[in-house]
1. For the range 280-428, take every pair of Cα atoms, bin their distances at 5 Å starting from 0, and report each bin as a whole percent.
2. Keeping all protein chains in the complex and leaving out DNA, RNA and ligands, what accessible area do you get for GLU295 with a 1.4 Å probe, in Å² to the nearest 10?
3. Does anything in the range 360-393 have its amide N under 20 Å from the 7 Å Cα→Cβ label point of PHE306, and if so which residues?
4. So how much slack lies between GLU340 and LYS430, counting 0.36 nm per residue of separation and subtracting their Cα-Cα distance, in nm?
5. Can you give the FRET efficiency to the nearest 0.05 for LYS397 and LYS169, using r as the Cβ-Cβ distance and R₀ = 51 Å?
6. On a 1.4 Å probe surface of the protein chains, which of ASP366, ASP413 comes out largest in accessible area, and what is the full order?
7. With runs of 4+ DSSP H residues as the only contributors, calculate the mean residue ellipticity of the chain at 222 nm using -39,500 (n - 2.57) per run, divided by the residue total and rounded to the nearest 500.
8. What is the distance, in nm, between label points placed 7 Å from the Cα along the Cα-to-Cβ direction at GLU106 and at GLN248?
Amino acid sequence: MAGDAPVVMTGQTGRTFTNWAKTFSCEPELFFEPTTTEEIRQILDKAKRDSKHVKVCGFGHSPSDIACTTDYMISLAKFKQVLEVDKENCVVTVQSGILLKELNEEVLPKYNMALSNQGAVSEISAAGVISTGTHGTGKTFGIFATKVLEMTMMTASGEVLRLSREENKEVFLTALVGLGSLGIILTVKIQCEPAFNLHQVQFSCSLDKILSNLDKHLDENEHFKFMWYPYTDGVVAFLSNRTKKPVQTNPSWFWDYFVGYYVLEFLLWMSTFCPALLPCINKFYYKLYYAVPSEQVDRSDKVFNFECLFKQYVTEWSFPRSETANVLLTLQEWVKSHPEHKVHFPVEVRFVQSDDIYLSPCYQQDNCYINIISYRPYGKDAPKDAWWDMYESVMHKVGGKPHWAKAHKVTPDQFQKLYPMFSKFCTVRKQLDPQGMFLNPYLERHILGMTPQMKFDMKSHL
Ligand SMILES: Cc1cc2nc3c(=O)[nH]c(=O)nc-3n(C[C@H](O)[C@H](O)[C@H](O)COP(=O)(O)OP(=O)(O)OC[C@H]3O[C@@H](n4cnc5c(N)ncnc54)[C@H](O)[C@@H]3O)c2cc1C
């Protein structure tokens, strides 16, 4: 009967996908927002018939073109149901388009559960976070993907694979930080923990002092990070630990938003005309905000989250923790010896535990991550190339690996040396997606190292 025929998913034309920082955008030929697994399968069938690449986007927070395509784009913003909650074991199974914000605010509190750890923002999808190796901080906390117990993933053929440490382990360890290159993650089972508050203590001290107490802070605190303010010798440190104390916060719109956001954006915009202002801005904000120690108690996700302010370029690399002091002192020395180049605050320093995920930057290695920001006040760029090129060259010397979500220039040959399981990753990717349906320019550049001729051949085989 005609009425029983499946509804064929249609895509929208004329959509532009732009990332959060407005630094990368693309115009997919067709944009789909499926709500069911069957609709996702129909889109893949159509892509095969039309010889098109397919890219799933999450919430577009990656500061690179990792989620971009000019062929078919799928948003899973409407594919975000909660499928199962195991209260006893603190495990939740969700469709992969759900945002961490929705988990933190709507889903997990109902069951008195919480995510164990996360990064600075929650407006990001579960699948996006897993696919790029998103991380928070803490000596005994791995990247977010280490909390994934099981996933289902649709491959280019339309088959749905169940992946876990017990089932298809090799594909599981490949797909956990899969860069969107293996298939479409449909569902994710996440290990959570009973809901908790975090007690965060914030204080300032010299860079030298924090570096000499690094191991102590890491050993004594569940979540430890700090931010160095170039042109000062100081850092602000954040120590966060689980507590039974009730929520106690002291928000101030005037300081947090008027001075901390609007005035700062204006001052940084002024500095694009007069870069000599930057050292004063850095010193002023460091003194203004962090001269006095402070503390707060809040629900875990509210402490993990951090106000990331306005649009920005970022470069973040991960390297062996033992190199932390060496790297930071090199950066500090460069800023002092290159007064002709001016840089923004903060330089954010975090720590992540090793794991066994093939393309995790922390594969078999406890790492430090350093995130360097260049703000774009009112959308205006500030010079950053000399500072970033120097940082990149320091990273190459210490075996640094770029955050997968963030723009970088690393080639497949270099990744081959940095990641012992890089070849294995490429083999599994090719087995699951032999025609390269899920490739895009980011993957072609950084994973395949494709030439224009190879791209042409690949497209004709889709
Ligand atoms: C303000 C800000 C703060 C940030 N803070 C941190 C931080 O503290 N720590 C950190 O590590 N990172 C941080 N990031 C980076 C961010 O966590 C990552 O970029 C994350 O991937 C964004 O998730 P998303 O949902 O926006 O995914 P997108 O950026 O939209 O996509 C990322 C990748 O995931 C793939 N993908 C998405 N959904 C699927 C799916 N269903 N199946 C297969 N592949 C899929 C996409 O194809 C793409 O390759 C921050 C970014 C911003 C803008």
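1. Distribution as computed: 2, 8, 15, 18, 19, 16, 12, 7, 3, 1, 0 percent.
2. Rounded to the nearest 10, that gives 120 Å².
3. Taking a point 7 Å out along Cα→Cβ of PHE306, the residues of the range 360-393 whose backbone N falls under 20 Å are 361-362, 366-377, 388, 391-392.
4. In short, 27.7 nm is gained.
5. Working: r = 34 Å, r/R0 = 0.68.
Efficiency, rounded to the nearest 0.05: 0.90.
6. Descending accessible area places them as ASP413, ASP366.
7. The per-residue figure over the chain is -7500 deg cm²/dmol.
8. 3.4
The values are calculated or read from the model by the stated rules, or taken from the named source; none is laboratory data. Owing to the predicted nature of the structure, the values given are computational and were not obtained by experimental measurement. Please note: Cβ atoms are built from the backbone with ideal geometry, for glycine as well, and neighbour counts cover all protein chains shown. Ligands, DNA and RNA are excluded from the accessible area calculation, which covers all protein heavy atoms including side chains. Shrake-Rupley method; radii C 1.70, N 1.55, O 1.52, S 1.80 Å.
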